[in-house]
Every structure is written in structure tokens, then in C-alpha cells.
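**Student:** Pasting a structure below so you can have a look.
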Amino acid sequence: MRILSLFLQLSLLLISCSDTTIDSKNTPASGVTIHRNPNDYSIDKNAYFGDLHVHSMYSYDAFIFGGIASPDEAYKFAKGGTITHPAGFAMQLDLPFDFYAVTDHAYFLGVIREMASENSDLAQHEVAEGIDQVGEDPVLRRQIFFNFTDFANSGRGSELMDETVITNAWNDIVTSAERHNDPGNFTTFVAYEYTGTGPSREMLHRNVIFRDSNTPELPFSRLDSDNPEDLWTWMDSNRSMGIESLAIPHNSNYSEGLMFDLVDVNGNPLDAAYAQQRMRNEPLVEITQVKGTSETHPALSPNDEWAPFEVLVSRLGTDVLIQPEGAYVRDALLKGINLEYQQGFNPFKFGVIGSSDNHNATHVGDEDDYYGVSGVLDSDAQRRGAIPLDTPMPDGSLYFDRYSRFSASGLTGVWAEENTREAIYDAFRRKETFGTSGPRMKVRFFSGYDLPAIEDDNLITQAYENGVTMGAELFATSDSIPSFIAWVAKDPNSAPLQRLQIIKGWVEEGEMHERVYDVACSDEISIDPATNRCGDNGAIVNLDDCSISADLGATELKTKWLDPDYDPSHNAFYYVRALENPSCRWSTWDAIRAGAEPREDIPPTIQERLWSSPIWIIPETK
């Protein structure tokens with residue numbers, strides 16, 4: 001592998017001599033012929049859905065869990081094809097995706113798979129013992145996983161490095177993405193996961209997405225550096241050589257506050273240079289996925305009734321509570337505008353996406369079709385902890401709980417002119433993105449001083465011309481109040497919409513504040529001006545069969561809204577959150593199908609939801 005110190009010296013030299021300005025022009029990759037569908041192109045942009053966090057057989061953990069699906073099979077699945085789960089059953093999407101990225105761990109990329117090949121050199125290593133003989137036994141597979149990670153972290157991990165294996169795996173990932181990319185119909189991105197960690201193994205993971213077919217010879221991994229700031233330096237260096245990429249942090253909820261800390265990796269206070277480098281390389285953040293939702297936490301947002309949504313309160317497989325401050329997106333957005341107010345820079349001006357972190361090369365975003373994400377380890381209702389075990393565990397527990405708090409989430413949505421790498425990547429760059437907990441809901445969000453009426457026939461065109469959209473900044477003026485247009489449409493295959501909300505965060509005299517406004521209600525329900533809340537629409541779920549209220553809720557909600565508490569002197573952000581009517585959680589579906597009672601310690605229902613990227617208000621004095 002590359003030697004980090006020499007690499008960083010070269011990177012810094014290249015950056016000092018080169019222009020690292022982001023080029024978001026919609027130009028095709030070198031040497032690639034683009035065959036676009038002219039009927040798809042829209043200046044007002046189309047909504048496209050996909051997953052930017054998927055693991056194949058080249059990820060060390062996925063292969064240990066039984067995942068042997070290749071990147072080719074992952075893309076086959078994303079396009080609507082059927083592939084086989086490690087436990088033997090078929091997996092298929094109800095509807096194909098528009099875009100997809102295989103994001104295998106660069107950390108020991110392809111090494112575990114090579115260990116299972118009995119004639120390979122790596123198969124002779126002590127860590128490889130038994131790796132090709134575990135079958136479907138989840139206990140043995142977990143033991144092999146811990147044996148491998150313990151060895152890799154012991155200081156002897158370099159013994160497992162085989163650059164030929166890693167290079168071959170990376171080349172297959174790249175060529176598979178190129179093979180399946182079909183401009184105008186289906187978009188793939190060359191990508192990988194960087195698994196940076198903190199001093200106590202806190203998660204500082206990122207998915208790195210490349211704009212086009214210009215890619216590095218090898219990915220930058222945790223073996224090069226645990227420090228995400230070194231990853232950004234590597235990305236800057238690549239950019240100076242025509243290799244454009246962005247990184248998307250995920251599982252901030254597992255970072256123990258380090259993901260959005262107010263000091264850098266060396267403990268120094270953040271400064272403008274840090275903010276510029278981070279925003280240049282990390283314009284987006286993953287707000288939801290299988291290991292929980294990272295929007296906010298009840299301890300951080302006590303006045304938000306919907307904060308406790310798929311929140312993981314303890315470290316995976318333990319009772320150790322997770323530190324919420326500095327680990328959730330809304331908290332980061334607030335800290336960012338406070339830094340901008342206090343010091344003039346914002347390192348946390350993120351747009352949002354959702355993705356799955358699926359380790360079966362697939363996607364599971366439907367509560368009624370959830371089959372786990374970790375191969376044979378969570379391949380049935382008992383292993384997922386949804387129903388009691390046949391025999392209690394040694395400690396007397398009736399449930400295997402490691403995976404019971406996992407979520408059937410999430411999904412990335414973008415607004416782009418057409419379904420091509422360039423157009424979708426440029427949407428990532430301008431943060432015209434949104435995330436959902438699984439359903440394919442759509443959202444539009446604009447702000448401006450001369451926006452059209454909500455019923456205007458040319459609403460979207462006029463909103464683009466006269467305002468800004470999600471992911472952008474609006475500069476305040478002392479003599480005008482901006483309006484906001486928010487619109488959400490339901491997924492035709494999911495529950496109706498219950499309410500449309502705008503979440504506001506602002507800084508007032510150095511103090512951070514947040515507020516949730518319901519701005520549109522289903523079923524002709526009025527908003528209580530005292531609480532800014534819609535009344536209950538009465539939607540219920542029948543826990544005998546998971547049927548829902550078919551006659552309640554809305555297919556779309558929209559409004560043109562004025563902030564009743566607006567102050568042009570405040571640094572502020574606004575984003576949309578939309579909630580469906582209640583429906584069964586995946587664990588309830590599992591229990592019903594098994595003829596068991598849903599667990600009392602897990603919510604039987606959830607409200608699927610959507611989050612837009614924010615719009616930031618910049619005070620006139622700034």
C-alpha cells in the first residue's frame with residue numbers, strides 16, 4: 001500500500017500548486033459516449049431515487065456474514081433483477097432504482113474473500129482458519145468476524161495486506177460500475193467506504209463517490225490513515241489531477257460526538273480553512289440508514305415529539321449509552337450556523353440523503369419486505385430478534401437483540417435534469433437532495449421574496465427563477481420577509497401523508513434555538529396556532545394484520561408559508577420533514593407472519609418520513 005507520509009507530502013504540494021475549485025459543469029467523462037433519453041430531460045428537474053451505501057462480496061464483513069454477491073449482481077438487483085440471499089431465498093425490488101453505488105470497505109478490500117480460496121497465500125494465514133467451513137452458523141461467523149477485527153487492530157494487520165488482491169477487487173468494482181452505467185436510464189457511481197475511526201473505535205465512516213470514470217488506482221483507506229482530514233487532503237490532491245469526488249459521512253449517531261465536534265482531530269478549535277476543506281469534500285450527510293436515524297435525539301430536541309424515531313441509544317450489541325451531542329445532524333446544523341454567527345465560517349452546511357448500508361448487495365427499505373442486512377446473521381425473524389428463540393440464551397434472554405433495533409431504511413432522492421452521472425452528481429454538489437426512511441416520497445422546497453402562488457400553473461419554473469431551492473443560501477434583507485414553498489407527494493405504494501413540517505434552527509444573541517412547525521395537515525385539519533401542530537387525523541393500524549386506515553391521509557401536501565417568528569438579523573436554517581400515517585414496523589410484520597405477539601419493548605408501528613436538505617438564511621450584515 002502507499003506510504004502515507006510521502007503521499008501526504010505529495011498531496012500538499014499538488015494542492016499548493018493547483019486550483020481545487022469544484023467544477024460542476026455537466027460535461028461527460030473523457031472518452032465516454034453519452035446516449036441520453038431526450039424525453040427525460042427537464043429544466044425543472046426530475047426526481048430520481050437510489051442507494052449510495054451498498055456492500056458486496058469484497059467487503060470483509062459482508063463476506064464473513066455470507067455475502068457472496070458480486071458488484072455485477074448488486075447492479076442487476078438495482079435494475080429490477082432477482083439475486084439470491086446468502087440464506088438461499090430470492091431478493092427483488094418492487095420497482096427498479098434510478099441510480100446505485102456499490103460502496104465496499106476499502107479496508108482490507110477483497111482480502112477475506114481471498115482467504116476463502118484454499119489455494120491462495122492468504123488462506124494459509126492463521127486468521128483464515130475455518131473461514132471456508134462455517135456454513136450458515138451465525139455464531140461461528142460472528143466469531144470469525146471478531147477474530148479478524150481483533151487481529152487487524154492488533155498491530156499485525158499488515159500481514160493480511162496483499163496489494164494484488166486489493167487492486168483486483170478495486171478494478172472489478174470500477175469496471176462493473178462502468179459496465180452497468182446506462183446514461184438516461186440507469187446511473188452507477190464508482191464508490192467505496194472509508195472506515196475511519198476515533199481513538200476508541202468511534203465511527204467516522206464516509207462513503208466516497210466519484211463523479212465519472214476518472215478514478216484513482218486504489219482507494220484511500222483506514223490503513224492509510226484513520227484521520228478523515230487526511231482523506232480530504234487525498235481528495236483535494238485527486239481533484240487537482242482531474243479526479244472529482246465527494247465524501248458522505250454516515251452513522252454520526254455512532255461517533256460519540258466526534259463526527260460534528262468543535263475541534264479537529266488534534267484538538268484544535270475549528271477554523272475557516274477546516275470549514276472550507278470539509279465543505280469542499282463533504283457537502284452531504286447520510287441522515288438515516290439501517291443502523292438508526294441521525295436527524296436528532298430526544299435529549300437534544302425535547303420539544304420535538306417525533307425525535308425518538310428509530311434512534312439507537314446504545315452501542316451495537318451492548319448496553320453502553322451513546323453520546324448524542326455532536327452526533328446528530330440537526331445539532332450539527334445548529335452548531336454550524338452558530339460558528340457562522342460567531343466566527344464567519346460554517347463547517348456543517350450539509351445537504352441530506354438516506355441510504356441503506358446493506359451488506360447483501362441489495363436494499364431493504366420496505367417494512368413489509370425486510371429480510372435483514374447482514375447475510376445469514378439476521379436472515380430470519382428469530383435471528384432479527386422479532387420473535388422469541390426456541391431456547392432461551394444462556395443469560396435467560398428470550399430474544400436475540402443484536403439486530404432488533406435495526407431499521408428498514410433509507411433512500412436517497414435527488415432533483416436532476418436527467419438520469420446521468422453528471423446531472424445527478426451535480427445535484428449532490430448543489431445539495432438538491434433529500435432522504436427518506438424507505439418510501440419513494442418526493443419533496444420540493446423553495447424560498448424567496450417573489451415566489452408564485454401555490455396554485456400557479458408554472459409554480460416550479462417560477463420558483464426556480466425567483467427563489468432558491470433546498471441546499472442553497474438566501475440572503476436576508478431588512479425590508480422583506482421571504483416565503484417558503486413546501487410540497488410533498490406520497491409514494492403510491494406506501495401509506496398516505498399525515499403532515500408536512502418545516503424545522504427551523506436559528507441563533508439569537510449567541511444562543512441556539514430550534515422549532516418544529518406543522519405547515520400543512522391532511523384531512524382538512526387546521527393547525528393550532530398556539531402549538532403549531534396539526535390535530536390527530538385518527539389514522540390507526542390493525543396489529544392483527546397490519547392493515548391501515550385507507551380513507552385517511554393525503555396523496556400530496558403543499559403550502560406557501562411565512563415564518564411567523566422571522567427575524568432578518570438571525571442566522572437560520574429551514575428544512576422540510578413530512579410524515580406518513582402510522583404503519584407496521586418490520587418487526588411487527590415478522591411477528592404476525594410467525595404467529596407471535598409483537599414485542600412490547602419495541603414500537604409496533606412507525607411513521608415513515610422524509611427530510612429535505614436545508615435552506616440557509618444569511619443575515620444582511622454577514
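Every read-out reported here was derived from the displayed coordinates using simple, explicitly stated rules and does not represent laboratory data. Only a predicted model underlies this, so the values are computations on that prediction, with no experimental measurement involved. Here the Cβ is made from the backbone with ideal geometry for all residues, glycine too, and neighbour counts use every protein chain on show.
**Student:** How big is the Kirkwood radius of region 63-106, worked out from every pair of different alpha carbons and given in Å to one decimal?
**Tutor:** Values: mean 1/r = 0.0895 Å⁻¹.
For region 63-106, the Kirkwood estimate is 11.2 Å.
**Student:** Residue-wise, which Karplus ³J(HN,Hα) couplings in Hz belong to region 209-222, taking 6.51 cos²θ - 1.76 cosθ + 1.60, θ = phi - 60°, and x for glycine or proline?
**Tutor:** 10, 9, 5, 8, 7, 7, 9, x, 5, 9, x, 7, 10, 4
**Student:** Got the relative contact order for region 441-618 handy, in percent, Cα pairs under 8 Å and 6 or more residues apart?
**Tutor:** Values: 399 pairs, mean separation 49.5, N = 178.
Answer for region 441-618 is 28 percent.
**Student:** Residue by residue through region 254-260, which ³J(HN,Hα) values in whole Hz follow from phi under the Karplus form 6.51 cos²θ - 1.76 cosθ + 1.60 (θ = phi - 60°), with glycine and proline marked x?
**Tutor:** Result, rounded to whole Hz: 9, 8, 6, x, 7, 4, 10.
**Student:** Can you list the trypsin sites (Lys or Arg not before Pro) in region 239-284 that are in a DSSP coil and have 13 or fewer other beta carbons within 10 angstrom? If you can, show how the numbers build up before the last one.
**Tutor:** Working: sites: Arg239, Arg278, Arg280; in loops: none.
Passing sites in region 239-284 do not exist.
**Student:** Among Leu398, Leu500, Leu562, Leu451, which comes first, second and so on when ranked by fewest other beta-carbon atoms within 10 Å? Intermediate results must be reported in sequence, preceding the final value.
**Tutor:** On the way: Leu398 14, Leu500 27, Leu562 11, Leu451 20.
Least to most surrounded, the residues fall as Leu562, Leu398, Leu451, Leu500.
**Student:** Hey, can you grab everything whose amide H is under 5 Å from the amide H of Ala572? Only 5+ residues off in sequence or another chain; H modelled, so Pro and N-termini drop out.
**Tutor:** For Ala572, whose amide H was placed from the backbone, the distant partners under 5 Å are Ile617.
**Student:** Would you mind calculating the relative contact order of region 378-463 from Cα pairs under 8 angstrom and at least 6 residues apart, reporting the percent as a whole number? Don't skip to the answer; put the middle values down first.
**Tutor:** Details: 87 pairs, mean separation 16.3, N = 86.
Relative CO of region 378-463 lands at 19 percent.
**Student:** Scanning the chain for GluC sites (Glu not before Pro) in DSSP loops with at most 13 other Cβ atoms within 10 Å, what's the longest stretch left with none? Don't skip to the answer; put the middle values down first.
**Tutor:** On the way: sites that count: Glu118, Glu129, Glu217, Glu305, Glu455, Glu509, Glu524, Glu600, Glu620.
Of all site-free stretches, the longest is 306-454.
**Student:** If you don't mind, there's one more thing I want to ask. Give a residue-ordered list of calculated ³J(HN,Hα) values for region 483-490 (Karplus: 6.51 cos²θ - 1.76 cosθ + 1.60, θ = phi - 60°; whole Hz; x for Gly, Pro).
**Tutor:** 9, 10, 9, 10, 9, 9, 10, 6
**Student:** Distance in nm between label sites at Asn532 and Ser547, each 7 Å beyond Cα in the beta-carbon direction?
**Tutor:** That separation, rounded to one decimal, is 3.9 nm.
**Student:** Check which residues have an amide H placed less than 5 Å from Val352's amide H, if you skip close sequence neighbours.
**Tutor:** Amide H to amide H, under 5 Å and 5 or more residues apart or across chains, Val352 pairs with Val285, Thr433, Ser613.
**Student:** Going through the cross-link list Lys291/Lys431; Lys79/Lys560; Lys76/Lys558; Lys431/Lys504; Lys79/Lys349, which pairs have a Cα-Cα distance over 26 Å in this structure?
**Tutor:** Details: Lys291/Lys431 23 Å; Lys79/Lys560 37 Å; Lys76/Lys558 36 Å; Lys431/Lys504 18 Å; Lys79/Lys349 33 Å.
Correct reply: Lys79/Lys560; Lys76/Lys558; Lys79/Lys349.
**Student:** Enumerate the amide H contacts of Asn358 below 5 Å, restricted to partners 5 or more residues apart or on another chain; note that Pro and chain-start residues carry no placed amide H.
**Tutor:** Amide H to amide H, under 5 Å and 5 or more residues apart or across chains, Asn358 pairs with His55.
**Student:** Between the alpha-carbon centers of region 549-622 and region 330-381, tell me the distance in whole angstrom.
**Tutor:** 15
**Student:** Can you pull out the trypsin sites (Lys or Arg not before Pro) in region 113-174 that DSSP calls coil and that have at most 16 other Cβ atoms within 10 Å? Could you put the intermediate results ahead of the total?
**Tutor:** Values: sites: Arg113, Arg141, Arg142, Arg156; in loops: Arg156.
Within region 113-174, the qualifying trypsin sites (Lys or Arg not before Pro) (loop, at most 16 other Cβ atoms within 10 Å) are Arg156.
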